Amino acid sequence: MADDTLHALKAIAEDAVTLHQALRKATDRTLLAQVVHITTAHHLADRALALALRLTPQAAPTASASLKLVSDLALVARTVQEAGTQLTAALGRESEYRLAAAAANGSPVVVVGPSPQQHLRAAADLLKRVPELCSSARDRLTTAEGRRDANRPQRASHPLLP
């Protein structure tokens, strides 16, 4: 179970890095590309929450290591959800700009509030934190597993027994 969780955390971190790089390198900001980025962020958050759901029934209500691990996973999910919210705001703002530009027939367009680029930068900054958060969760999981293994009774070793 721990190996599956470690692998899933690593995959979430790698996918967050990929999305972060895509946002930083994007030269074309098509509406379709923006929707794909939003969907990707939502999938990342869903995966983090699925891990938390899978681990929560195993966590004893007072086991602080287990509760901290679930808390770490919730923080990963929240950070990616906030990035998705920023991406959605960027999409909405870009749509407003395009509608206003079309209606203005060449006149300068002024829209009040953060620009789509500001929302995209905020999302990228949030996504940049995800690998560190996943690493923290992985460290906590391996520490918890180590304690669990240390508490298991060891078989008596005898030179003639395998």
- Considering every residue within segment 124-146, establish whether at least one is at pLDDT 90 or above, more than 23 Å from Val70 (Cα to Cα), of a type in the set (A, V, I, L, M) and not in a loop (DSSP other than H, G, I, E, B). yes
- Query: Taking segment 24-59, which residues are polar (S, T, N, Q) and touching a residue at least 60 places away in the same chain (Cβ under 8 Å)?
  - Reply: Gln34
- Restricting attention to segment 10-23, does a residue exist that is in contact with a His (Cβ under 7 Å, 6 or more places away or on another chain), without any contact (Cβ under 8 Å) to a residue 60 or more places away in the chain, assigned to a helix (DSSP H, G or I) and more than 17 Å from Cys134 (Cα to Cα)? yes
- Query: Residues in segment 95-109: is at least one farther than 24 Å from Ala52 by Cα and within 23 Å of the chain's Cα centre (by Cα)?
  - Reply: no
- Message: Whether any residue in segment 67-84 is part of a helix (DSSP H, G or I), of a type outside the set (Lys, Arg), touching a His at 6+ places or on another chain (Cβ under 7 Å) and modelled with pLDDT under 95 is what I want to check.
- Response: no
- Item | Unique match (being at pLDDT 90 or above, under 19 Å from Val130 (Cβ atoms) and hydrophobic (A, V, I, L, M, F, W, C)) among Leu49, Leu53, Leu32, Leu91 | Leu49
- Give segment 19-38 a look and list any residue that's exposed (fewer than 13 other Cβ atoms within 10 Å of the Cβ) and either farther than 17 Å from Asp125 by Cβ or of a type outside the set (D, E, K, R) (or both), or say none. Thr27, Asp28, Thr30, Leu31, Leu32
- Pro114 being surrounded by 14 or more Cβ atoms within 10 Å (Cβ to Cβ) and not in a helix (DSSP H, G or I): yes
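Table: residues versus (1) over 26 Å from His43 (Cβ atoms); (2) without any contact (Cβ under 8 Å) to a residue 40 or more places away in the chain.
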residue: Gln81; (1), (2): no, no
residue: Gly92; (1), (2): no, yes
residue: Ala101; (1), (2): yes, yes
residue: Asn105; (1), (2): yes, yes
- Looking only at segment 125-136, count how many residues are within 23 Å of Ala22 (Cβ to Cβ) and either touching a residue at least 60 places away in the same chain (Cβ under 8 Å) or in contact with an Asp or Glu (Cβ under 8 Å, 6 or more places away or on another chain) (or both). 8
- Message: For the condition assigned to a helix (DSSP H, G or I) and touching a Gly at 6+ places or on another chain (Cβ under 7 Å), what is the one hit in Ala41, Ala90?
- Response: Ala41
- Message: Just to check your reading of the model, which residue among Leu51, Leu120 is surrounded by 14 or more Cβ atoms within 10 Å (Cβ to Cβ) and either within 30 Å of Arg140 (Cα to Cα) or touching a Cys at 6+ places or on another chain (Cβ under 7 Å) (or both)?
- Response: Leu51
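The values are calculated or read from the model by the stated rules, or taken from the named source; none is laboratory data. Please read all numbers here as calculations on a predicted model, not as lab measurements. Ideal geometry is used to build each Cβ from the backbone, glycine not excepted, and the neighbour counts take in all protein chains shown.
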